[in-house]
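Let me begin by presenting the structure, written as structure tokens, before commenting on it.
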Amino acid sequence: MRLLHVSDLHFGRPCRPEVIDATEAVIQSGGYDVVAISGDVAQRSLSGEFQRAAAFIREASRVSRVIIVPGNHDVSWWMSPFHIRGTAPLYERYRKYVSQELEPVLAVDGATFVGINTSHGVAMYTLTKRPRDVSIIGVVQPAQLDRAAGEFANTDPGALRVVVMHHNPVRGQLSHRFGIKQPDRVMQRLGEMSADLVLCGHDHQEAVNCVQTATSSTVVCTAGTLSDRSRGGRPSSFFSIDITPSQLTVTPYFWLDGEQRLNPEPAQCFDRFLRT
């Protein structure tokens, strides 16, 4: 199985059309079973941004299965601050143009992908002591983790278990920040449900981490961004991930400005934790 993992496209002013076009060409090569998009397809949750995102998804769907979850930039939190009008207004445009499902489940031969919506707008339970976290920080509620565990419990023990979420549950190298509240609790539960792979973004710096316990091993792929908002001047990037029954191989693709093309970088390989 082969996956393409992309995040933080930010259609709108930060978007880089040349990088998007090149990424679409890679997808259209037909070499990917699944394209996973881990949120922030929009910049300001505008209809036109979502319409362009819908075109990206539609073209990818011609050659691959696609799974997508919303990011914080895809949520119109100002339409219902503190959820005073409920949560429906937060996702109205996303649901209209991108997907009705906020937490999709995708089953393919040999793998189950479970989406977790970490982007809840502004609510009492999303607040932290840092004012800059307002509307930006991610949250995973216990019921969401229970649901994901239930989905994986119904899969074959040998099937790949993949979580797709927007906010990074591991600390960013340059930002020194976690994308979600209570990251240790979230990673502990993901390990308990034997998640093999977490696909996320948000930090705008690509990173691959392996979180191991005595009973599990979870590879966390934090994709960079295809926009001009890369952290630390990093190039735009995405991940190509090859899966065999015993191994995960993660290859980053970076955009080379001087050559106007995408270039694969050295891969990282991880042994899969085999369940019985």
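Every number in this text was worked out from the coordinates using simple rules, so none of it is lab data. As the structure is a computational prediction, the values presented were derived from the model and not from experiment. All Cβ positions, glycine included, derive from the backbone under ideal geometry; neighbour counts span all protein chains shown.
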> ³J(HN,Hα) across the range 94-107 via Karplus (A = 6.51, B = -1.76, C = 1.60, θ = phi - 60°), whole Hz, x for Gly/Pro?
Replying inline: 4, 5, 5, 9, 9, 6, 6, 8, 8, 9, x, 10, 10, 10
> Ranked from highest to lowest mean number of other Cβ atoms within 10 Å per residue, what is the order of the peptides 116-122, 142-148, 3-9, 225-231?
Replying inline: 3-9, 116-122, 225-231, 142-148
>> For Kirkwood radius over Cα pairs in Å, one of [x] 19.9; [y] 19.0; [z] 18.5 was computed from the structure I shared and the rest are decoys. Which label?
In response: [z]
> What is the antiparallel percent of DSSP beta bridges lying wholly in the chain, to the nearest 5?
Replying inline: 55
> Applying the Karplus parametrisation 6.51 cos²θ - 1.76 cosθ + 1.60 with θ = phi - 60° to the phi angles of the range 256-271, what ³J(HN,Hα) value in whole Hz is obtained for each residue in order, glycine and proline being reported as x?
Replying inline: 9, 4, x, 9, 6, 7, 8, 10, x, 9, x, 8, 10, 10, 9, 6
> Looking at the range 76-173, what % of its DSSP beta bridges pair antiparallel, to the nearest 5?
Replying inline: 40
>> Skipping prolines and chain starts, which residues have an amide H placed within reach, meaning under 5 Å, of the one on residue 163, given they are 5 or more residues away or on another chain?
In response: 114, 197, 198, 199
> Hey, what do the phi angles of the range 126-132 turn into as Karplus ³J(HN,Hα) couplings, whole Hz, using 6.51/-1.76/1.60 and θ = phi - 60°, x for Gly and Pro?
Replying inline: 9, 6, 10, 7, 9, x, 6
>> Considering only C-alpha atoms, what is the centroid distance from the range 59-101 to the range 129-181, in Å?
In response: 17
>> Under a crude label model (7 Å from the Cα following the beta-carbon direction), how far is residue 125 from residue 146 in nanometres?
In response: 1.1
> Listed highest first by mean packing, meaning other Cβ atoms within 10 Å per residue, what order do 41-47, 25-31 come in?
Replying inline: 41-47, 25-31
>> Starting from 0.36 nm per residue, how many nanometres of slack lie between residue 271 and residue 82 once their C-alpha separation is accounted for?
In response: 63.7 nm
> Amide H neighbours of residue 108 under 5 Å, counting only residues 5+ apart in sequence or on other chains, H built in-plane at 1.01 Å?
Replying inline: 113
> For the residue pair residue 101 and residue 58, what label-to-label distance in nm results when each label sits 7 Å from Cα along the Cα-to-beta-carbon direction?
Replying inline: 2.0
> Please report, for the Cα atoms of the range 32-113, the Rg to one decimal and the Dmax as a whole number; what are they, in angstrom?
Replying inline: 13.5, 42
